[in-house]
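Shown next, in structure tokens, is the structure this report addresses.
The values are calculated or read from the model by the stated rules, or taken from the named source; none is laboratory data. Owing to the predicted nature of the structure, the values given are computational and were not obtained by experimental measurement. Neighbour counts are summed over all protein chains in view; Cβ atoms, including those assigned to glycine, are modelled from backbone coordinates with ideal geometry.
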Amino acid sequence: MRPGDLERVQSLPLFQDAAPETFRVATAGAHVQRFPAHTMLLLEGDPVDFLYVLLDGQAELHGTWNDHETVLAILRPVSTFILAAVVLDTVALMSARTLERCELLMIPGDAIRTAMRLDARFAQAVSRDLAGGYRGLVRTIKNHKLRGGVERLANYLLALRASDNAGSTVRLHFEKRILASLLGMTPENLSRAFAALHDHGVTVEGSLVHIAKPGALEALAKPDPLIDNHAPRGGDILIDADAEIWSSEWNRATSR
């Protein structure tokens, strides 16, 4: 691995507090590999031999059942995934594939488990990462169960605007069919949801979404700090820092 790659990985919350020897043990057998777009990295049901760290590009986590497929998360650098399966030394519950050319660091699962036994601070960091992933998942479940498609899309756009520090125009980072699946919608329902947002100042031009009236969009979305990181944080509500494992485009801004 290049020194720059090691520095990027060491800056992850997972490794920030690890002792130098722990970091050396954890990454001794690690290697960086580059994959072209649309490469399947991992299949659900397969044993998990590595912890994956996405250094460059975009990757998709998805699940299947009875010939149906759904997008669970879209990952952007720098983020880890499949940590829970690595800790438990069990099979993956989701599949992973690249959406574009990606660069990934692959760390042997045995090395992660050994490092956890050697270093209590590293084990605590793993626990925080897993706890953050769980909380991010709870936020996602609440978003899907408590809101209709239009409200989910409105909050997604506000989250994207916040995470990318965008102004009145945000860019969708992947195809609309993937966004529809990520939000638990069909492509047709997503199109209808965008049309419904037109009266709230939202217009679409290819991958660009123009938000002319952010106040009107927020009034419709009703962001909640217990679901959305882009929501106003009033009162004594404590928003803690959740992990990257569920860092879909929506959860990048809402899992914290």
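Structure summary
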item	result
Residues satisfying the stated conditions in the range 125-175, i.e. more than 17 Å from the chain's Cα centre (by Cα) and closer than 20 Å to residue 81 by Cβ	125, 127
Residue among 61, 72, 55, 43 that alone is surrounded by 13 or more Cβ atoms within 10 Å (Cβ to Cβ), under 14 Å from residue 106 (Cβ atoms) and either without any contact (Cβ under 8 Å) to a residue 60 or more places away in the chain or outside the structural domain of residue 185 (by TED's automatic domain parsing) (or both)	55
Search result, residues across the range 71-106 that are polar (S, T, N, Q), within 23 Å of residue 181 (Cβ to Cβ) and modelled with pLDDT of 95 or more	95, 98
Criterion violated by residue 90 - all others in (1) buried (at least 16 other Cβ atoms within 10 Å of the Cβ); (2) hydroxyl-bearing (Ser, Thr, Tyr); (3) assigned by TED's automatic domain parsing to the domain that holds residue 17; (4) farther than 30 Å from residue 2 by Cβ satisfied	(1)
Given (1) β-branched (Val, Ile, Thr); (2) surrounded by fewer than 19 Cβ atoms within 10 Å (Cβ to Cβ); (3) touching an Asp or Glu at 6+ places or on another chain (Cβ under 9 Å), number of the condition residue 98 does not satisfy	(2)
Filter pass, residue 131 being surrounded by 16 or more Cβ atoms within 10 Å (Cβ to Cβ), assigned to a helix (DSSP H, G or I) and either in contact (Cβ under 8 Å) with a residue 24 or more places away in the chain or not assigned by TED's automatic domain parsing to the domain that holds residue 80 (or both)	no
Some residue of the range 31-38 being within 20 Å of residue 183 (Cα to Cα), touching a strand residue (DSSP E or B) at 6+ places or on another chain (Cβ under 7 Å) and at pLDDT 90 or above	no
Members of the range 20-40 that are closer than 22 Å to residue 125 by Cβ, surrounded by 14 or more Cβ atoms within 10 Å (Cβ to Cβ) and not polar (S, T, N, Q)	23, 25, 26, 30, 32
Elements of type helices (runs of 4 or more DSSP H) in the range 154-238, at least 3 residues being within 30 Å of residue 68 (Cα to Cα)	176-182, 187-196
Which listed residue is in contact with a Cys (Cβ under 8 Å, 6 or more places away or on another chain) and over 14 Å from residue 5 (Cα atoms), from 50, 81, 35	35
Elements of type strands (runs of 3 or more DSSP E) contained in the range 1-106, each with 3 or more residues being of a type in the set (A, V, I, L, M)	40-42, 50-56, 68-75
